[in-house]
Amino acid sequence: MGRWETEDYGVLADRACWAMFGFTTAMVGLRIYCRTVNGRNKQHAGLGPDDYITIVCLVVFLVTCILINIGSHYGLGKHFEDVPEEDLETALKYNVIISAVLIWTFSLPKFVIIATLKRILDYGTKTTILFWALALSSQACILATSVWWFVQCKPVEYGWNKTIDGECADVSVLADLGYFTSAYSAFLDIFFALYPIPFIMRLNMPLKGRIAVSSALSLSILACVVSIYKLAIFGEVFAILRQDPTYPVPYLDILGMAEGFVLVTAACLPTLGPVFRAAKGKLTSAYSSSSASRNQLDEGSKDHSRAMSGNNWDNFKGHRLDDPASSIGTRPSLDDIPLVTTSRVGRNQDERKDIQKAVDISVSSETLEHGRQPAETIV
């Protein structure tokens, strides 16, 4: 199926965006859990500016998903002629609102990357100025695009209500803004993915940890790939918008949400070390315990086989005649496995030992008494 052969992109966008929001919520929840648990006894742990910015991004994701859900309900993603006439005005209104809000989903996460790098690297003033200048200039472009979605028509209501008098600017203006904003966003994505790697590799931490953090942050390159793909299809999208304004925008909503989703995920992964270590520890302990149990069972069965073969050989030769209860009580069994209660046979054996001790004591006392009688007679 081709790119523009889907009948309803609204339903597809609704499902895809909610799925990404669910995964992002799980990642942010684990991030906060790791930070708060580590923050109890560690000086530099606990929630910081990067975590609060991440929560703000999650709220923006939620608002965007709700708007996309409402827009698809009114017909966004369907062809213009397939939208019911009574829903057409509302659908076009939500088209403008969603487009103005959505672009913040892939611009605000850049602040998460910057704040996370600050926490990891603790870079100096010059680097701070550079990072924030790049991010703020990107937000300025995003803000201009967001505002333009509303003010491109005069009056504003003419953007979704064509029954009133008004006019709108040519779509090429919005296309130029979209090209520039997406290109700049792609540049920042790849910049923040590659720039910190040399500095992270100099940190005083194990090599595996440095590689893991660098790899996690480098995932934002995928956001750059999404931006480049958007740039590649912008021409088609804006050409369709001229004739079919309700159809292609939800497809862009999926791509915009995906870019922000990748950025937030890349920023959260370096903070999830405690979760990975706990999971690794549980898996290792479970594997070790199962291996130990299997080994113990194997050794017990081997000892049991050797004991039984030895008993049979000795009985055959007539060297000894064992008490059946004694032989049963001394052979290896499943009772050798930890956390398994002792068998009744073992308790019987202990009782026999106690009886034997009592007999020995009584014999010793009788011997002493017989030894004393001759001594008394001599005296």
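Determine whether Asp189 is in the same structural domain as Tyr251 (by TED's automatic domain parsing), charged (D, E, K, R) and touching a Leu at 6+ places or on another chain (Cβ under 9 Å).
So Asp189 passes the test.
Quick check on Ile142: is it touching a helix residue (DSSP H, G or I) at 6+ places or on another chain (Cβ under 7 Å), part of a loop (DSSP other than H, G, I, E, B) and either in the same structural domain as Gly256 (by TED's automatic domain parsing) or under 30 Å from Thr246 (Cα atoms) (or both)?
No; evaluated as a whole, the condition is false for this residue.
Test of understanding: among Lys118, Lys162, Lys110, which residue is of a type in the set (D, E, K, R), surrounded by 13 or more Cβ atoms within 10 Å (Cβ to Cβ) and either in a loop (DSSP other than H, G, I, E, B) or over 34 Å from the mean Cα position of the chain (by Cα) (or both)?
None of the others qualify; the one that does is Lys162.
Filter the stretch 213-265 for residues that are of a type in the set (Asp, Glu) and within 23 Å of Met27 (Cβ to Cβ); which is nearest to the chain's Cα centre (by Cα)?
Taking the candidates together, the pick is Glu259.
Can you name the residue in the stretch 144-155 that is surrounded by fewer than 16 Cβ atoms within 10 Å (Cβ to Cβ) and not aromatic (Phe, Trp, Tyr) and is also nearest to Ala100 (Cα to Cα) among such residues?
Val147
Suppose the filter is surrounded by 18 or more Cβ atoms within 10 Å (Cβ to Cβ) and in contact with a Lys or Arg (Cβ under 7 Å, 6 or more places away or on another chain); does Leu188 pass it?
Numbers: surrounded by 18 or more Cβ atoms within 10 Å (Cβ to Cβ): yes; in contact with a Lys or Arg (Cβ under 7 Å, 6 or more places away or on another chain): yes.
It is true that Leu188 is surrounded by 18 or more Cβ atoms within 10 Å (Cβ to Cβ) and in contact with a Lys or Arg (Cβ under 7 Å, 6 or more places away or on another chain).
Please count how many residues of the stretch 70-87 are in a helix (DSSP H, G or I) and buried (at least 22 other Cβ atoms within 10 Å of the Cβ).
Result for the stretch 70-87: 2.
Which of the following residues is surrounded by fewer than 22 Cβ atoms within 10 Å (Cβ to Cβ), touching a Cys at 6+ places or on another chain (Cβ under 8 Å) and assigned to a helix (DSSP H, G or I): Leu67, Leu30? Lay out the reasoning, then the answer.
On the way: Leu67 fails: touching a Cys at 6+ places or on another chain (Cβ under 8 Å).
Step by step, each of Leu67, Leu30 is checked, and only Leu30 is surrounded by fewer than 22 Cβ atoms within 10 Å (Cβ to Cβ), touching a Cys at 6+ places or on another chain (Cβ under 8 Å) and assigned to a helix (DSSP H, G or I).
Based on what the data block shows, is Asp253 assigned by TED's automatic domain parsing to the domain that holds Thr105, assigned to a helix (DSSP H, G or I), touching a residue at least 12 places away in the same chain (Cβ under 8 Å) and under 27 Å from Arg3 (Cα atoms)?
Criteria met by Asp253.
Taking Tyr94, is it surrounded by fewer than 14 Cβ atoms within 10 Å (Cβ to Cβ), of a type in the set (Ser, Thr, Tyr) and assigned to a helix (DSSP H, G or I)?
Numbers: surrounded by fewer than 14 Cβ atoms within 10 Å (Cβ to Cβ): no; of a type in the set (Ser, Thr, Tyr): yes; assigned to a helix (DSSP H, G or I): yes.
When the stated conditions are applied, Tyr94 does not pass them.
Taking the condition of being of a type outside the set (A, V, I, L, M) and in contact (Cβ under 8 Å) with a residue 60 or more places away in the chain, how many residues in the stretch 22-37 meet it?
Result for the stretch 22-37: 6.
Would you mind finding the one in Ala258, Ala193, Ala223 that is in contact with a Cys (Cβ under 8 Å, 6 or more places away or on another chain) and buried (at least 19 other Cβ atoms within 10 Å of the Cβ)?
Result: Ala193 is the single residue among Ala258, Ala193, Ala223 that is in contact with a Cys (Cβ under 8 Å, 6 or more places away or on another chain) and buried (at least 19 other Cβ atoms within 10 Å of the Cβ).
Inspect all residues belonging to the stretch 100-122 and state whether any of them is of a type in the set (Asp, Glu) and closer than 22 Å to Ile240 by Cα.
No, because not a single residue in the stretch 100-122 is of a type in the set (Asp, Glu) and closer than 22 Å to Ile240 by Cα.
The values are calculated or read from the model by the stated rules, or taken from the named source; none is laboratory data. Keep in mind it's a predicted model, so treat the numbers as computed, not measured. Cβ atoms come from the backbone with ideal geometry, glycine included; neighbour counts cover every protein chain shown.
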